[in-house]
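To start, the structure under review is shown below, and the notes come after it.
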Amino acid sequence: MKLIHFDVIDSTNAFLKGNYHNYQNLTFVSADEQTAGKGRENKRWSSEKKKNLLFSVLVKDRKLIEKYKTLSIICGYSILEVLKEYGLNNLSIKWPNDVYVDNKKICGILLEAVSKQEMECLIIGVGVNVNQKKFKEEYTILPTSIRNQLNRCINLKKFKSDIYSKLVYNFKLVEQDYDFYSQIKKYDYLKNKEVFALVSNEKKLVKVLGINSDYSLGVIAENKKIDLEAGQISFSL
Amino acid sequence: MLEGLVKMKIYKIKVNGKYYEVEVSAVDEVVAEIKAETKKVENVVSQGDNVILAPIAGKVLEVKVNVGDMVKKGQTVAIIEAMKLENEIQSAFAGQVSAINIKKGDDVKNKDELIVLK
């Protein structure tokens with residue numbers, strides 16, 4: 001485990017994508033501020049300086065890379081576990097890996113990979129809202145932070161260390177084929193909800209049955225049960 | 001085999017002041033049908049071509065090259081998304097793009113042939 005910290009960087013994910021050759025498995029890169037923080041499909045992830053935890057983890061171990069679907073949700077679940085230890089309630093995982101509290105988003109995760117015929121590395125970018133109080137009103141899903149939920153400030157350095165330790169511990173369990181499914185399904189945010197999903201390029205209203213044991217999402221669309229992979233759908237609630 | 005009515009015609013030709021009689025045979029128009037062998041040619045990969053494969057199943061978010069482009073080893077040629085994972089597809093070879101089998105929005109399977117370099 002290697003830790004790197006920047007005061008300011010364009011994006012911790014972009015840094016690891018460009019430099020993964022030089023760093024070992026489970027290198028953590030954090031930053032006080034990201035000038036081009038990235039969300040899914042180039043959506044911006046903005047955060048006040050030194051208020052939140054912004055980091056990326058580099059995964060190069062072959063066995064872990066092959067379990068990227070599991071790692072994706074386990075990453076969200078690990079953040080959820082730490083938030084629970086800090087006293088937050090009503091936590092859930094919005095498939096495939098976002099962490100919600102009281103129907104508000106507190107953590108976003110973006111996975112990126114570099115492949116040359118096969119995946120060479122996996123980069124897990126994580127943003128957790130920690131001490132930020134106010135958020136821009138442009139979000140479609142309300143954001144929140146630990147501070148807003150608990151009405152107190154959190155020691156960011158200690159929180160970072162708790163998150164890193166939890167991730168390393170849980171990733172070790174993934175490597176040993178530990179099955180997290182029975183724990184994860186208890187926190188399924190979308191279960192029994194009706195959502196619009198873009199299935200095969202057609203927007204359809206689907207009823208979510210829940211997260212499956214292979215971490216795909218079971219839904220009912222036009223009276224048929226289908227299992228969705230995140231890459232093949234996009235959501236609107 | 002050509003089949004037709006053969007007609008003979010005699011022509012007088014003047015060469016260097018001298019006349020020569022030349023017998024020329026004329027052939028009626030013959031309709032011949034040539035059937036070309038039709039074979040569906042798809043994703044032809046010749047020996048020596050390098051094929052960039054999909055490392056995972058997913059949806060094509062972006063194709064970053066065009067046919068005819070020169071590609072360096074390690075250059076990003078496409079981005080594929082699966083399970084909220086954006087996968088930067090880099091070329092393991094240098095060469096010129098001779099075929100692109102994907103477009104934005106396509107679903108691809110693991111090991112699908114995405115781009116061919118020559």
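Taking a ≥ b ≥ c as the square roots of the eigenvalues of the Cα gyration tensor, the stretch A:95-237 is classed as oblate, since a/c reaches at least 1.5 and a/b does not exceed b/c. Interface burial in the stretch A:116-151, defined as at least 50 Å² less accessible area with all protein chains than with the chain alone at a 1.4 Å probe, covers A:Lys116, A:Gln117. Split the accessible area of chain A by element, probe 1.4 Å, and carbon with sulfur accounts for 46%. Exposure check, 1.4 Å probe, all protein chains in place: A:Glu118 carries approximately 100 Å² of accessible surface.
Looking only at other chains, what is the average number of their beta-carbon atoms within 10 angstrom of each beta-carbon in B:50-58?
Numbers: counts 1, 1, 3, 4, 2, 9, 8, 3, 4.
Across B:50-58, the average partner-chain Cβ count within 10 Å equals 4.
Between A:Lys84, A:Lys191, A:Lys94, where does the largest GNM mean-square fluctuation fall for chain A, given springs only between Cα atoms within less than 10 Å? In the Gaussian network model the winner is A:Lys84.
For A:Glu138 and A:Phe196, FRET efficiency with R0 = 25 Å and r from the beta-carbon atoms, rounded to 0.05?
Efficiency for this residue pair is about 0.75.
Accessible surface for A:Met119 stands near 10 Å², nearest 10, in the context of the full protein assembly shown (1.4 Å probe).
In terms of solvent-accessible area of protein heavy atoms at a 1.4 angstrom probe, what is the ranking of B:Lys18, A:Lys185, A:Lys157, highest value first? Walk me through the numbers before you get to the answer.
Details: B:Lys18 125, A:Lys185 105, A:Lys157 165 Å².
The residues order as A:Lys157, B:Lys18, A:Lys185, largest area first.
The contact residues of the stretch B:71-103, meaning those that lose at least 30 Å² of 1.4 Å-probe accessible area when all protein chains sit together rather than their chain alone, are B:Glu81, B:Met83, B:Lys84, B:Leu85, B:Glu86, B:Asn87, B:Glu88, B:Gln90, B:Ala92. Taking every protein chain into account, the accessible area of the stretch A:103-170 amounts to 47 square angstrom per residue (probe 1.4 Å). Put a dot 7 Å past the Cα of A:Asn223, heading toward its Cβ, do the same for A:Lys207, and the two dots end up 1.3 nm apart.
Rg and Dmax of the stretch A:32-185, both derived from C-alpha coordinates alone, stand at 15.2, 49 Å.
Residue order by solvent-accessible surface for A:Thr140, A:Thr27, A:Thr35 is A:Thr140, A:Thr35, A:Thr27, largest first, with ligands and nucleic acids left out and a 1.4 Å probe. Between chain B and chain A, roughly 2300 Å² of accessible surface gets buried, counting both sides and using a 1.4 Å probe. In the assembled protein chains, A:Ser161 presents an accessible area of approximately 60 Å² (probe radius 1.4 Å). Using Cβ point charges alone (K and R +1, D and E -1), the dipole size of chain A about the Cα centre works out to roughly 620 debye. Taken as entire DSSP H runs, the helices of chain A that both span 27 Å or more between Cα atoms along their own long axis and average -0.5 or more on the Kyte-Doolittle scale are A:156-175. When only Cα pairs below 8 angstrom with a gap of at least 6 residues are kept, the stretch A:1-126 shows a relative contact order of 24 percent.
Which one, A:Val130, A:Val208, A:Val101, has the greatest fluctuation when you compute a Gaussian network model over chain A with C-alpha springs under 10 angstrom? Looking only at A:Val130, A:Val208, A:Val101, the largest GNM fluctuation is found for A:Val208.
How many Å² of accessible area per residue for the stretch A:1-97, probe 1.4 Å? Show your work: numbers first, answer last.
Values: 4150 Å² over 97 residues.
I get 43 Å² per residue for the stretch A:1-97.
The values are calculated or read from the model by the stated rules, or taken from the named source; none is laboratory data. Quick caveat: nothing in here was measured; it's all calculated off a predicted structure. Please note: Cβ atoms are built from the backbone with ideal geometry, for glycine as well, and neighbour counts cover all protein chains shown. With ligands, DNA and RNA removed, areas are computed over all heavy atoms of the protein, side chains included. Shrake-Rupley method; radii C 1.70, N 1.55, O 1.52, S 1.80 Å.
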